[in-house]
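Some notes on the structure that comes next.
FYI, it's all coordinate maths here, none of it is from the lab. Given the structure is predicted, the values throughout are model-derived calculations rather than measurements. Neighbour counts are summed over all protein chains in view; Cβ atoms, including those assigned to glycine, are modelled from backbone coordinates with ideal geometry.
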Ligand code: BG6
C-alpha cells in the first residue's frame, strides 16, 4: 500500500533505547553478585573478540546517574534495561542479595524521577552459573521453578513502579547460539537438546507470565523475539516453500507457542520424524496456553532470504561474520528445508547484516495478522565502526539514516493499522557486543572504551543523539 498521508504516532508512543546488564554494567563480582554463565564463558580463550569481557563493560553500575541524566537530556520516554539474575540471587535461588535489589531500585527511581518509563527485561542471557553447574540450566525442567521464583521476587520488589516487563530476551537466539552453533554458553552443538531447552524456556516464560497476573495486575508483559522475516529468493515455488519452511521453523516455532501454546504443525512433524522434537509432559500445553503475553516484543535487525536446499549435499551451518569484514559471512541452511542466500536488492553493514527498513513493516504486519497482539519494538539499530574526532564529535550520519528509515517504516505500519506501543533503539550508550568487543558500536552516546588498554569511559554524544532528541520532541513528525 502506498499512503498519501501517514498517520501520526500515538501521543503516548514510547520513544526509547535499550541495553542489557552484561553488556553495560561491569561490577561483575561486586556487592555480592554471583558468577553468571557469561562471566565464565568469556574466560575461555578464543570465545570472544580479543578476549573481551564484561568485567567493567561501560561501568554503568557506577555511572547510572550520569547515564540517566543523558537519557533525560535526550528526552527519552522509555528505557529498556535488564536485571542480572546473579545480582539478585548469587546462586540463582536461595538467599536474596539485598544490594542487588538496591541497585535496580535506585536505577528505577532515578528513571522515574526523570519521567522515563522503565521497561524491565527479566532475562537477557546471563544465567547464574550455579544453575548451569547444578542441573544444566535450561536443560532441566528445574529451571521453571527457579526462574519463576526469580521473576516473582522482581515483581514484588519493582512491580509498584515498573509497568512494562520483557520476560525472555530472544529465546530463539540464546538457545541457537548456546546449543546449535556453540558460539554462546554453554557452547554445545546438539539439535535434540536445542529443542528440549526451548521447550523448558517456553514453559518458564509461560509460568512467569501466569504469575505476573496476580503480582502486577496493572502491568504488561511479553517476550522479546528476534524476528527476521523470511523472503523467498525467487518466485519459483520451491524457493517460496523454502521461505515458508524458514518462517515456520525459525519464527512461528516460538511466536505460536507464546501466543497460543501450540507448536506449528509442519515443523513439529518434521522434527518428530527426525527424532528431535521436544518431549512434552502432561500439563505442559495447558501451562503454555496460560502464558499468553500482552504484547509481542520484537527485536528487528534484518530480513533473511531463502532458497531451496537439496536434501543430499545441501548447505548446513556456515561461518558467521564477527570480524566486521564485509563479505565474510557464509550461507547457512538445513538440507531439505532451506538455505540462506544473499539478497542483492539490499545494502549490508560491515557485519553483513541486511539493511531493510521495509522488512520491519512487513514483519510488523505479519505479526499483527497472525497473532493480533500489540507490538513493542524492543530492539532495532545499527552496529558500525564509529570514530571520535579530535574535537569530540562523532558524525554517525549512517546511523541517523538507518534509524530514520526504520522509523518511517514503523509509521507506515501504524498507518496500515499495526498497534505499536514503542520503539527502543539498540542501544543508548555504546556497550560490549557479546562477540564483537567494542569495535561494533550501536549507541547514541559514545563511550571511550576499547578492547585493549585502559580507557577513561567518558561519555560523548554522537550526532544521532541530537537527531533522535528532535524526533522525540516532535513525536516523530520531524523526520
Ligand atoms: C540482539 C541482542 O540480538 O542483538 C543484543 O539482544 C545484541 O544483546 C544485539 O547486542 C546486537 O548484536 P551484536 O552481535 O551486533 O552485538
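Data table
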{"item": "Protection proxy ranking of 462-469, 311-318, 439-446 - average other beta-carbon atoms within 10 Å, highest first", "result": "439-446, 462-469, 311-318"}
{"item": "For the range 263-287 versus the range 25-92, the gap between their alpha-carbon centres in whole angstrom", "result": "36"}
{"item": "Label zone at residue 312 (point 7 Å along Cα-to-Cβ), backbone N below 20 Å, the range 336-380", "result": "336-339"}
{"item": "Gyration tensor over alpha-carbon atoms, the range 127-215, equivalent ellipsoid semi-axes in Å", "result": "25, 13, 11"}
{"item": "Potential lengthening between residue 451 and residue 286 on full extension [0.36 nm per residue; Cα-Cα distance subtracted]", "result": "54.7 nm"}
{"item": "Cα radius of gyration and Dmax for the range 103-254 (Å)", "result": "17.9, 56"}
{"item": "Residue 328 paired with residue 163, simple spin-label distance in nm, labels 7 Å along Cα-to-beta-carbon", "result": "4.6"}
{"item": "Cα gyration tensor category, rounded, prolate or oblate, for the range 1-123 with a/c compared to 1.5", "result": "prolate"}
{"item": "The range 361-479 - share of DSSP beta bridges that are antiparallel (%, nearest 5)", "result": "55"}
{"item": "Highest average packing first - 302-310, 327-335, 104-112, Cβ atoms within 10 Å", "result": "302-310, 104-112, 327-335"}
{"item": "Residue-averaged [θ]222 nm for the chain, counting only DSSP H segments that reach four residues, each worth -39500 (n - 2.57)", "result": "-11500 deg cm²/dmol"}
{"item": "Gap separating the Cα centres of the range 96-120 and the range 185-214, nearest whole Å", "result": "27"}
{"item": "Rh (Kirkwood; distinct C-alpha pairs) - the range 68-165, Å", "result": "14.2"}
{"item": "The range 256-329, Rg to Rh (Cα coordinates; Rh as Kirkwood inverse mean 1/r)", "result": "1.07"}
{"item": "DSSP-defined antiparallel bridges as percent of all bridges, the chain, nearest 5", "result": "25"}
{"item": "Cα-based shape type of the range 223-269, given that a ≥ b ≥ c are square roots of the gyration tensor eigenvalues and the cut on a/c is 1.5", "result": "oblate"}
{"item": "Shape of the chain, Cα gyration tensor, a/c cut at 1.5", "result": "rounded"}
{"item": "Computed label-point distance, nm, for sites residue 236 and residue 62 using a 7 Å Cα→Cβ extension", "result": "5.9"}
{"item": "Residue-span extension gain [residue 31 to residue 472] - 0.36 nm each, minus C-alpha spacing", "result": "155.1 nm"}
{"item": "log10 of Debye I(q)/I(0), alpha-carbon scatterers only, for the range 323-479 at 0.10, 0.20, 0.21 Å⁻¹", "result": "-0.44, -1.34, -1.39"}
{"item": "Angstrom value of the Kirkwood radius, inverse mean 1/r, which spans all Cα pairs in the range 393-479", "result": "14.3"}
{"item": "Long-range tail of P(r) for the range 171-218 (Cα pairs > 16 Å, %)", "result": "45"}
{"item": "Cβ-Cβ FRET estimate between residue 192 and residue 133, R0 fixed at 22 Å, reported to 0.05", "result": "0.50"}
{"item": "FRET E, pair residue 262, residue 388, Förster distance 51 Å, beta-carbon r, rounded to 0.05", "result": "0.55"}
{"item": "Potential lengthening between residue 3 and residue 369 on full extension [0.36 nm per residue; Cα-Cα distance subtracted]", "result": "129.8 nm"}
